[in-house]
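Enquirer: Have a look at this one before I ask anything.
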Amino acid sequence: MSSIATKKKKDCSGCNACAEACPKHCIEMIPDKKGFLYPKVDTSTCIDCGVCTKVCPFEDGNIHLNTPLTAYAAWNKDREQYLASSSGGAAQVFSSYIINQGGVVYGCTSDDMRIRHIRVDALSDLHKLQSSKYVQSDVRGLFIKVKADLKANKPVLFIGTPCQVAGLKNYIKQIPEHLYLVDLICHGVPSQQMLNEHIAHVLNGRTAKQISFRKGEQFRFEITTQCGAAYFAEYHKDKYYRAFFNGISYRESCYRCPFARKERASDITIGDFWGLQNAASLPLNKEEGISVMLPLTEKGNKLISATKLEMHAYERSAQEAIDGNTQLQCPMKGTLSRRIFNALYPMLPFDTAVMCSIIHCKIRTLFKICTNRITHGFVRR
């Protein structure tokens, strides 16, 4: 096994499992110049016990993966909750069920403009976890709370990216029946620092109160201040979104993610049902969003069965879901735009670095087209 202290950035997802598992508390997650968290080891107190490497989900053989048993196209029957959620609102249904069983939910919030995981034990607070956040969530200090709730025999639902789920799974070690793990189909994660810089740029000094990345299948970036709506842009016009969709602003490990495949570390995988066949046959306008649910364990199957009365759920083949979503097949590839952005940021401001990366590649592509036409004699004289 490699040492956490010498681990390369491409081999660290920032899941925080090593820091939480360290018996001497000598590992701290510190942001790098791009804002991504990486472990820093205090070598003066480290005892070389190897616990940190044993919980790292990027170490070979450290995680067991499961294959999808089937797939469901689903959406929340509660119209209000459905419209407030991303995609079909499956996470909201699972969360409500767990809390009604006397349990707690751990999920991502954007309250106070900080993208982080929080503990929720009341239905009235579940709204904090709704909607997509295309930023890496901070889970520091959270795993120990999950363990405490499990020891108190509370049902626990943890919703996060595949690497976060895998990190928690390794930290807990023996997974009890009352821990439910749900992972999201993840394309990759930019940092909080990048988001903060972009917001500061577009608001020009004003203070953001709330952000929204999407409404159903409509991807648009909205920022609200104390005075109301302050910024609105479709995904193809917003630089943060363009960087995200072009895959140029992710942390380095995202480009070799071992969980961007059909086999997963969770009980259930959820996300958008891209590639849904014969969607017109379903009693819903697909533009409003439909979730895919992929049960991977019998525990996951049981959770879906227990919540089916709260959802419209139509069974589909797992292969249909896999074929329609590239992140269930392989990680995002690092492109020339990514390499340019990586070289420019943070030497240049985020928005400037994004625009330079995109423009450079457009010019390069245009040059190739022109060169090809000249070579083949297609240029007009």
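Laboratory data are not the source of any read-out in this text; all were calculated from the coordinates shown. Small disclaimer: the values here were computed from a predicted structure and weren't measured. Methodologically, a virtual Cβ is constructed for each residue, glycine included, from the backbone with ideal geometry; neighbour enumeration extends over all protein chains shown.
Enquirer: When the chain is treated as a GNM, springs tying every alpha-carbon pair under 10 Å, which of Gly141, Gly205, Gly160 comes out with the largest mean-square fluctuation?
Expert: Looking only at Gly141, Gly205, Gly160, the biggest GNM fluctuation is shown by Gly205.
Enquirer: Taking the Cα centre of segment 4-55 as the origin and placing charges on Cβ (Lys, Arg +1; Asp, Glu -1), which of Cys49, Ala21, Leu37 is farthest toward the positive end of the dipole?
Expert: Leu37
Enquirer: Could you tell me what percent of the DSSP beta bridges with both partners in the chain are antiparallel, to the nearest 5?
Expert: In the chain, DSSP labels about 75 percent of beta bridges as antiparallel.
Enquirer: With +1 on the Cβ of every Lys and Arg and -1 on the Cβ of every Asp and Glu, and nothing else charged, how large is the dipole of segment 4-55 about its Cα centre, in debye rounded to the nearest 20? The partial results should precede the final answer.
Expert: Details: 9 positive and 6 negative charges, 59 e Å.
I would put it at about 280 debye.
Enquirer: With respect to the cross-link table entries Lys239/Lys262; Lys262/Lys333; Lys54/Lys133, which display a Cα-Cα separation exceeding 19 Å?
Expert: Lys239/Lys262; Lys54/Lys133
Enquirer: What is the extension gain from Asp121 to Gln319, computed as 0.36 nm multiplied by their sequence separation minus the C-alpha to C-alpha distance, in nm to one decimal?
Expert: Values: separation 198, 0.36 × 198 = 71.28 nm, distance 3.54 nm.
Fully extending the segment from Asp121 to Gln319 adds 67.7 nm.
Enquirer: In whole Hz, what ³J(HN,Hα) sequence does segment 4-9 give by Karplus (6.51, -1.76, 1.60; θ = phi - 60°), x for Gly and Pro?
Expert: Coupling constants for segment 4-9: 4, 5, 10, 5, 6, 4 Hz.
Enquirer: Per residue of segment 198-208, what does 6.51 cos²θ - 1.76 cosθ + 1.60 with θ = phi - 60° give for ³J(HN,Hα)? Whole Hz please, x for Gly and Pro, Karplus curve as stated.
Expert: So the J values, rounded to whole Hz, are 5, 4, 4, 5, 6, 8, 6, x, 6, 9, 6.
Enquirer: Enumerate the amide H contacts of Gln210 below 5 Å, restricted to partners 5 or more residues apart or on another chain; note that Pro and chain-start residues carry no placed amide H.
Expert: Close amide H contacts, sequence-distant or interchain: Thr224.
Enquirer: Here's something else I'd like to know. Which whole-Hz couplings ³J(HN,Hα) result when phi for each residue of segment 313-321 is put into the Karplus expression 6.51 cos²θ - 1.76 cosθ + 1.60, θ = phi - 60°, listed in order with x for Gly and Pro?
Expert: 10, 10, 6, 10, 7, 4, 5, 4, 5
Enquirer: Separate question: Straight-line reach from Lys10: which aspartates and glutamates have a Cα under 16 Å away, not including same-chain ones fewer than 8 places off?
Expert: Filter leaves Asp32, Glu59, Asp60, Glu252.
Enquirer: Let me ask something else about it. Roughly how many whole Å is it from the C-alpha centroid of segment 77-117 to that of segment 190-267?
Expert: So the separation of the two Cα centres works out to 19 Å.
Enquirer: Under a 5 Å amide H to amide H cut-off, with H placed in plane at 1.01 Å, what residues pair with Lys215 once short-range neighbours are removed?
Expert: Arg220
Enquirer: Using a simple charge model, +1 on the beta-carbon of Lys and Arg, -1 on the beta-carbon of Asp and Glu, nothing else, what dipole does the chain show about its Cα centre, in debye to the nearest 20?
Expert: In debye, rounded to 20, the chain gives about 1380.
Enquirer: With charges only on Cβ, +1 for K and R and -1 for D and E, what is the dipole size of segment 31-127 about its Cα centre, in debye, rounded to 20? Kindly include the intermediate steps, with their values, before the conclusion.
Expert: Values: 9 positive and 11 negative charges, 37 e Å.
Roughly 180 debye for segment 31-127.
Enquirer: Could you list the square roots of 5 times each eigenvalue of the Cα gyration tensor of segment 4-55, that is, the equivalent ellipsoid semi-axes, sorted largest first and rounded to whole Å?
Expert: In descending order the semi-axes read 18, 11, 9 Å.
Enquirer: Classify segment 214-350 as rounded, prolate or oblate, taking a ≥ b ≥ c as the square roots of the eigenvalues of its Cα gyration tensor: rounded when a/c is under 1.5, otherwise prolate if a/b is larger than b/c and oblate if not.
Expert: Judged from the Cα gyration tensor, segment 214-350 comes out oblate (a/c at least 1.5, b/c at or above a/b).
Enquirer: Pull out a ≥ b ≥ c, the square roots of the eigenvalues of the alpha-carbon gyration tensor of segment 52-195, then state rounded if a/c is under 1.5, prolate if not and a/b is larger than b/c, and oblate in the remaining case.
Expert: Cα axes put segment 52-195 in the rounded bin.
Enquirer: Counting only residues 5 or more places away or on other chains, whose amide H sits under 5 Å from the amide H of Arg316 once H atoms are built in the peptide plane?
Expert: Placed amide hydrogens put Ala71, Tyr72, Ala73 under 5 Å from Arg316.
Enquirer: Same structure, new question: Output the Cα-based Rg and Dmax of segment 148-294 in Å, rounding Rg to one decimal and Dmax to a whole number.
Expert: Cα only, segment 148-294: 18.4, 50 Å (Rg, Dmax).
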